[in-house]
Amino acid sequence: MLSIFKKLEWFFKQYWKRYLIAITMLLIVNVLEIIPPRLIGYTIDLIDASSLTNERLFQIIGLFALIIIITYVMSFGWRYNLFGGSQILESLLRRKLMAKFLKMSPSFYERNRTGDLMARATNDLRAIRMTAGFGVLTLVDSVTYLGIIVMAMAFTISWKLTLFALLPLPLLAYLGQILGKKIHAKYMISQKSFGDMNDSVLELIEGVRVTRAFVQEERVNDRFESMTNDVVNKFMAVEKLDAWFKPMTIIIMAISFIISLGYGAVLVNSGEMTIGEIVTFNVYLNMLIWPMFAIGMLFNVMQRGNASLDRVEETLNAEEVIDDPLEQLVPDDTNVEFNAVTFKYPSSDRNNLEDISIRLHRGETLGIVGKTGSGKTTLIKQILKEYPTGEGIIQIGGYQLDQLTKIELRNLIGYVPQEHILFSRTIKENILFGKEDATDEEIDEAIRLAHFTQDIENLPNGLETLVGEKGIAISGGQKQRISIARAMIKNPEILILDDSLSAVDAKTEHAIIRNIQTERQGKTTIISAHRLSAVRHADIIVVLEEGRIIQKGTHAELSQLKGWYYDQLQLQDLNGGEMS
């Protein structure tokens, strides 16, 4: 159970002063709290002996007041340091998780669902915070408070009565350990179920328009209701086990009270104890209820925190499949070369790229075409270093990809992916994501190159228009051009457009391509497209089929050769530029 503190040793070493102050103040409060019951018993004995004077009464009241004030100040101090420390831990782990999420490659997200990762960043971190705050409190307070009270009972009142009254307590510790193990197992199951529900919520929100279009609201709602009921049932299984602690503690403490009153009366009658002492003893025994409850909660909090920390550490310890070299090399140029490259996704059972050889000089444009699923995006992802390189060699500027860090490589690249991810901010903020310190002139130029100027003028708030979550408030073509502007404002040495003109009309596509040709002379461009009109101007065009290059050449050369490119060119010309 206490293994969680070993796992968090790094944190407690870093903030040992805060926890030392908190625990010291907590111990002082615990010592102070045993004094009032003793004063009560002392006062009762004075009353019983008819020796309580006004002066003595005021002294007792003054001591009470002083203890209350000191206890209040000390309680504030330990609470501030202890629970403040737990908030710091949660914040540190949250930042570590975010750094991990930003660092990991796509293969990590293929293995881990978004909903489960969100559960680890919310529910699990909350459980760990509880352990570092309330868990430390219950551990220290239950042990020290219990020890101080028991010593006060045994050494200042009666060791005999203390021994008999506390006989039932080991049973409570034993039952608590059994329940704690069961809670740990059930809690792991419940957290996994919560992650599944989170994932489902994300899918439902993202696909809400499709759900409505197919009139599936009722079926989806029923399925979600079933899932939430399952989550509730699994969490209730944890709460049912947890609910045993309180009645179990009450019953065992009730047995202790019966022993205390029965045997205490015998000791009073025999003259071994006074009435004031038996009253003080029972007040102390009543004070033991909190540490007994704390022990029960301790098992619960520790088991939940331990389970959650295991889940969080599993994510933090996940290894990045792409290692960066120690030496940071910066390519002198942007020549791109594929030499007999063969690649297979970790989850694939066949080669997704096979024997790819391409040489692209700085300032040239590469066009990549082929039917859906032919490997166009996979080829582009090799340049982005998103997956471990397979067989063969990929070079940029004369350096192999393995020799370049991901940051240095991606600083050279402006990338416009197939799926245009926009943030729930203004158009201007989305464009500035490509270059935070860009001037207004640079923003205007990027918008012009993306052929988006007229759209900006027609939008209600211009550049300050909110695009909504994932760009829901604007059209598909506008999303594509904002993404293009975001890449263009970076003025990258290598511009990659991955089917990024599919949602614009032929006139807009032509304008964007013309702007790229004019403004990016001397810089490398790679365009993947379904419409051949987007790559006609390319210096090299490769046609992919099932991960292999089946044709290579310029537009003029491929137009004269019988094959896929020629066939699609005829079909698209007949259909006004669209692929059949």
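The values are calculated or read from the model by the stated rules, or taken from the named source; none is laboratory data. As the structure is a computational prediction, the values presented were derived from the model and not from experiment. Reconstructed Cβ throughout: ideal geometry from the backbone, glycine too, with neighbour counts over all protein chains shown.
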Single residue of ARG486, ARG448, ARG514 found to be in a helix (DSSP H, G or I), closer than 23 Å to GLY363 by Cβ, touching a Phe, Trp or Tyr at 6+ places or on another chain (Cβ under 6 Å) and not assigned by TED's automatic domain parsing to the domain that holds ARG536: ARG486
Any pair with Cβ under 6 angstrom, 6 or more apart, that starts in segment 108-124 at a residue that is without any contact (Cβ under 8 Å) to a residue 60 or more places away in the chain and ends at one that is assigned to a helix (DSSP H, G or I) and not basic (Lys, Arg): ALA121/LEU97
Residue check for LEU401: closer than 26 Å to ASN335 by Cα, touching a helix residue (DSSP H, G or I) at 6+ places or on another chain (Cβ under 9 Å) and not assigned by TED's automatic domain parsing to the domain that holds THR334: no
Enumeration of residues in segment 7-22 that are in contact (Cβ under 8 Å) with a residue 24 or more places away in the chain, farther than 15 Å from PHE76 by Cβ and over 24 Å from the mean Cα position of the chain (by Cα): TYR19
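For segment 287-384, give me every one of the strands (runs of 3 or more DSSP E) that falls completely inside it and has 1 or more residues that are outside the structural domain of SER105 (by TED's automatic domain parsing) and loosely packed, with under 14 Cβ neighbours inside 10 Å.
In segment 287-384, the matching strands (runs of 3 or more DSSP E) lie at 336-343, 353-360.
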Failed item, numbered, when ILE189 is tested on (1) within 26 Å of ASN30 (Cβ to Cβ); (2) at pLDDT 80 or above: (1)
Qualifying residue in segment 260-280 (condition: buried (at least 16 other Cβ atoms within 10 Å of the Cβ), under 22 Å from LEU298 (Cα atoms) and within 51 Å of the chain's Cα centre (by Cα)): no
Residues being among the hydrophobic types (A, V, I, L, M, F, W, C) and outside any helix (DSSP H, G or I) - total across segment 244-286: 2
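Within segment 47-59, does at least one residue satisfy the condition of being among the β-branched types (Val, Ile, Thr) and either touching a Leu at 6+ places or on another chain (Cβ under 8 Å) or modelled with pLDDT under 90 (or both)? Walk me through how you get there before you give the answer.
Here is the first cut: in segment 47-59, the residues among the β-branched types (Val, Ile, Thr) are 47, 53.
Next, from what is left, pick out any that are either touching a Leu at 6+ places or on another chain (Cβ under 8 Å) or modelled with pLDDT under 90 (or both): 47, 53.
Looking for residues that are among the β-branched types (Val, Ile, Thr) and either touching a Leu at 6+ places or on another chain (Cβ under 8 Å) or modelled with pLDDT under 90 (or both), one finds at least one in segment 47-59, hence yes.
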Failed condition for SER91, given (1) closer than 21 Å to LEU139 by Cβ; (2) of a type in the set (Ser, Thr, Tyr); (3) under 12 Å from the mean Cα position of the chain (by Cα): (1)
